[in-house]
Amino acid sequence: MTRNEFNLLYAIKKNGMQTCRSLAALANASTGYVSETLKAFTVAGYVDRNGITEVGMDALSPYRVDNAIIMAAGMSSRFVPLSLEKPKGLLIVKNEVLIERQIEQLREAGIKEIILVLGYKKEAFFYLEEKYGVRIIINPEFNVKNNTHTLYLAQKYIGNTYICSSDDYFEENVFEAYVYQSYYSAIRVNEKTNEWYMLPDAKGNVAQVKKSGEEGTVMLGHVYWDRAFSKAFVGLINEHHEIGDYDGNLWEDLFADNIKKLPPMEIKVYPDNVIFEFDSLAELRAFDAYYVNNTHSRIMKNICKVMQCEEGDILNLKPIKEGLTNTSFVFEVRGRKYVYRHPGDGTEEIISRKREKVALELAKSIGVDPTFVYMNGEEGWKISDFVEGIRVPNYASFEDSKRVISVMKSLHSKNLSVDWGFEPWEEALKIEELLRSMGEIAAPDFDDLKAKVEKCYRATIGDGVKTGFCHCDTYAPNWMLTETETILIDWEYAGNADPGCDIGCYIMDAMYGVEESEAFIKEYCGDAYNDVLRFHYLAYVALISYYWFVWALYREACGAVMGESLHNWYVMAKKYSNYLTENM
């Protein structure tokens, strides 16, 4: 069936038999074409005076939409702070829940089978199963893999299928029960953007995809895959799933790289103000004025209370790349920038936020962290000044190391004390216990590594190095260097500790060899440097690396993504414990 034939027959199916003029308008065809085609349809038995027949319905059946898949697994980190508290698809926009509005529009169009693929805060969506009869698929790797993996998990449902995102808002119902060909919805833009541009071929199908551009059509909203496209693309997904090279990519990346191998996908351009995607709170505020002064967000209310402002005064919210423990974002109030730190899931088991607050107040009082503004010791969130023009230390620069060492020595020389301590060996044992309660530890040489690290640690006991108030998490991202200042931030693990905790942490993350570590330790110790101190601080490199390795195993068990850090810390714990035990 040609597209024009489909358009006419589907118009009759939806609206019944009309005059040629009316059908021409509905099918976007000429009255002459409609008149001639109706005669052919009548001969073929597709229509009669009452409208479409059963034969006509059979002719349309290859184009009937089977179902819709709504992707709702991701966190939407650009939408902080709202996405920290609930999935973006569950936001209320103009008095409707985003994903519920989309489900109802699909059902209204006749699409009854709807599949949700969930990940981040998945339990918040479970009520939709009973309310709308949707199917649920869980993506347990949502924080490691992108939506190519989401579609891999849903592949058995993919045929004539709408592929949707849970956070799209459609001003009018864009869905149809029958669709002629695969398409990607789009809007026209007349300015430079960072959106994905689709370049058309002579037939209006996607010929090329560019990830930025100026005037043209950009991807926005839902997608429709017909059976031919689905079969080909699911084959590609499976092929690359074996390799894993698109695990961290959007499915559009795989599409863009293989357009010539795939059946055609039309560029379907919608008028302005039909399809909306909100990539930031500012965009949502522009669409729904309610969000200017009430975002339904506890985080925004926290900021208002501390800064003594209205929600409408909080502007220019931008996420900071998620840290190993927490998630943070920058915001602006009355022309001044601040950072809000949101505690990571599971951290309450290993971090005392009350103690962190005391440590922050102490660090500010001695000028080591002048950025601290406020912290809630019960819930763990905090606000700090944003510092412009900062950089982290370059591990390869000994000049940077000297700046870091100077602050460490100053901190350690203050003879400050708190009423708790940080003991990395004992803390590692506690975290190991938590880990074992969650299942077996996968590392086969874990017990051997633990025994060697313990031997190194035991050899430092009673060697004369005094404990004092330490930061205990001194890797480069916790330092902020300006032209004149060297600032140490994030005091979650601070407490009375061995200075080796601070020295060892920096060396560990720098992944220094023994000679580089010795140079660092000599600079720290100055004239007091001797073999006892050399061994002590090298042993703490092994111990601290082991602590953070165990900590990283626990964080991954809680769903965090530790990436290369977990491996690096394992390598450093093993390298230094082997080196020292072989030379003891």
Exception for Glu176 within (1) within 23 Å of Asp245 (Cβ to Cβ); (2) open to solvent by 50 Å² or more (accessible area, probe 1.4 Å); (3) out of contact with any helix residue (DSSP H, G or I) (no Cβ under 6 Å at 6 or more places or on another chain) falls at (1)
Subset of the stretch 188-202 (residues that are crowded, with 18+ Cβ neighbours inside 10 Å, in a strand (DSSP E or B) and either touching a Cys at 6+ places or on another chain (Cβ under 6 Å) or in contact (Cβ under 8 Å) with a residue 24 or more places away in the chain (or both)): Met198
Candidates Tyr183, Tyr178 - the one that is in contact (Cβ under 8 Å) with a residue 60 or more places away in the chain and within 28 Å of the chain's Cα centre (by Cα): Tyr183
Within the stretch 60-79, tally of residues that are modelled with pLDDT under 95 and open to solvent by 20 Å² or more (accessible area, probe 1.4 Å): 5
Got a sec? Which of Val223, Val209, Val144 is open to solvent by less than 10 Å² (accessible area, probe 1.4 Å) and outside any helix (DSSP H, G or I)? Val223
Kindly list, by first and then second residue, each pair from a residue in the stretch 406-435 that is surrounded by fewer than 16 Cβ atoms within 10 Å (Cβ to Cβ) to a residue that is in a loop (DSSP other than H, G, I, E, B), limited to pairs with Cβ atoms under 7 Å and residues at least 6 apart or on different chains. Lys414/Ile366
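Look through the stretch 461-487, keep the residues that are outside any strand (DSSP E or B), polar (S, T, N, Q) and open to solvent by less than 70 Å² (accessible area, probe 1.4 Å), and return whichever of them is nearest to His412 (Cα to Cα).
Step one: of the stretch 461-487, the residues outside any strand (DSSP E or B) are 461-467, 471-478, 482-485.
Restricting the remaining residues to those that are polar (S, T, N, Q) gives 467, 474, 478, 482, 484.
Going one step further and asking which of them are open to solvent by less than 70 Å² (accessible area, probe 1.4 Å), we end up with 474, 478, 482.
Details: Thr474: 13, Asn478: 17, Thr482: 22 Å.
This residue is Thr474.
Could you please give the count of residues in the stretch 559-584 that are assigned to a loop (DSSP other than H, G, I, E, B), surrounded by fewer than 16 Cβ atoms within 10 Å (Cβ to Cβ) and at negative phi? Spell out the reasoning first.
So in the stretch 559-584, the residues assigned to a loop (DSSP other than H, G, I, E, B) come out as 559-563, 583-584.
Pick out the ones that are also surrounded by fewer than 16 Cβ atoms within 10 Å (Cβ to Cβ) and you get 561, 563, 583-584.
Narrowing the set further to residues that are at negative phi leaves 561, 583-584.
Of the residues in that region, 3 qualify.
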Only residues in the stretch 560-578 that are among the polar types (S, T, N, Q) count as the first member; pair them with residues that are open to solvent by 50 Å² or more (accessible area, probe 1.4 Å) and in a helix (DSSP H, G or I), Cβ under 6 angstrom, at least 6 apart or cross-chain, and list the lot. Ser577/Lys452
Step by step: first the residues of the stretch 265-297, then only those that are under 22 Å from Phe331 (Cβ atoms) and of a type in the set (A, V, I, L, M), then the one that is most open to solvent (accessible area, probe 1.4 Å). Which residue is that? Ala286
If you check Asp509 against the conditions, is it of a type in the set (D, E, K, R) and surrounded by fewer than 17 Cβ atoms within 10 Å (Cβ to Cβ)? no
Breaking point among (1) under 30 Å from Glu191 (Cα atoms); (2) crowded, with 18+ Cβ neighbours inside 10 Å, for Val234: (1)
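With more than 19 Å from Tyr546 (Cα to Cα), under 32 Å from the mean Cα position of the chain (by Cα) and either outside any loop (DSSP other than H, G, I, E, B) or not polar (S, T, N, Q) (or both) as the only criterion, which of Asp490, Asp509 stands out?
From the options Asp490, Asp509, the qualifying one is Asp490.
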Given the criteria under 25 Å from the mean Cα position of the chain (by Cα) and at pLDDT 95 or above, does Arg227 qualify? no
Counting residues that are over 30 Å from Val206 (Cβ atoms) and at pLDDT 85 or above, which strands (runs of 3 or more DSSP E) fully inside the stretch 258-350 reach at least 2? 314-320, 326-333, 336-343
Of the conditions (1) touching a residue at least 40 places away in the same chain (Cβ under 8 Å); (2) over 30 Å from Glu85 (Cα atoms), Phe386 fails just one. Which one is it? (2)
Please count how many residues of the stretch 21-68 are within 15 Å of Arg3 (Cβ to Cβ), among the aliphatic types (A, V, I, L, M) and not in a helix (DSSP H, G or I). 1
Which of the residues that make up the stretch 351-390 are part of a helix (DSSP H, G or I) and either open to solvent by less than 10 Å² (accessible area, probe 1.4 Å) or not basic (Lys, Arg) (or both)? Glu356, Val358, Ala359, Leu360, Glu361, Leu362, Ala363, Ser365
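Return the only residue of Gly500, Gly495 being over 21 Å from Val571 (Cβ atoms) and either touching a helix residue (DSSP H, G or I) at 6+ places or on another chain (Cβ under 9 Å) or buried (at least 16 other Cβ atoms within 10 Å of the Cβ) (or both).
Details: Gly500 fails: over 21 Å from Val571 (Cβ atoms).
Residue meeting the stated conditions: Gly495.
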Kindly list, by first and then second residue, each pair from a residue in the stretch 50-70 that is touching a residue at least 40 places away in the same chain (Cβ under 8 Å) to a residue that is among the β-branched types (Val, Ile, Thr) and open to solvent by 40 Å² or more (accessible area, probe 1.4 Å), limited to pairs with Cβ atoms under 8 Å and residues at least 6 apart or on different chains. Leu60/Ile52
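Leu82 - would you say it is over 22 Å from Asn173 (Cβ atoms), buried (at least 19 other Cβ atoms within 10 Å of the Cβ) and touching a strand residue (DSSP E or B) at 6+ places or on another chain (Cβ under 6 Å)? Please lay out each step first, then the result.
Values: over 22 Å from Asn173 (Cβ atoms): yes; buried (at least 19 other Cβ atoms within 10 Å of the Cβ): yes; touching a strand residue (DSSP E or B) at 6+ places or on another chain (Cβ under 6 Å): no.
The answer is no for Leu82.
Inside the stretch 86-99, can you point out the residues that are in contact with a strand residue (DSSP E or B) (Cβ under 9 Å, 6 or more places away or on another chain) and either modelled with pLDDT under 90 or not hydrophobic (A, V, I, L, M, F, W, C) (or both)?
So in the stretch 86-99, the residues in contact with a strand residue (DSSP E or B) (Cβ under 9 Å, 6 or more places away or on another chain) come out as 87-91, 93-94, 96, 98-99.
Within the stretch 86-99, Pro87, Lys88, Gly89, Lys94, Glu96 meet the criteria.
Those residues that are charged (D, E, K, R), farther than 20 Å from Lys203 by Cα and surrounded by 17 or more Cβ atoms within 10 Å (Cβ to Cβ), I need them from the stretch 1-39; list them, please. Give the derivation first.
Pass one, the stretch 1-39, residues charged (D, E, K, R): 3, 5, 13-14, 21, 36, 39.
Filter once more, so that each one left must be farther than 20 Å from Lys203 by Cα: 13-14, 21, 36, 39.
The answer is Lys13, and nothing else.
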Helices (runs of 4 or more DSSP H) enclosed by the stretch 82-138 - at least 1 residues per element that are under 23 Å from the mean Cα position of the chain (by Cα) and closer than 14 Å to Asn67 by Cβ: 98-108
Taking the condition of being within 42 Å of the chain's Cα centre (by Cα), under 16 Å from Tyr576 (Cα atoms) and open to solvent by 10 Å² or more (accessible area, probe 1.4 Å), how many residues in the stretch 517-533 meet it? 2
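The values are calculated or read from the model by the stated rules, or taken from the named source; none is laboratory data. Owing to the predicted nature of the structure, the values given are computational and were not obtained by experimental measurement. Glycine gets a Cβ as well: all are built from the backbone with ideal geometry, and neighbour counts include every protein chain shown. Remember, those area values only see protein heavy atoms, side chains included, never the ligands or the DNA or RNA. Shrake-Rupley method; radii C 1.70, N 1.55, O 1.52, S 1.80 Å.
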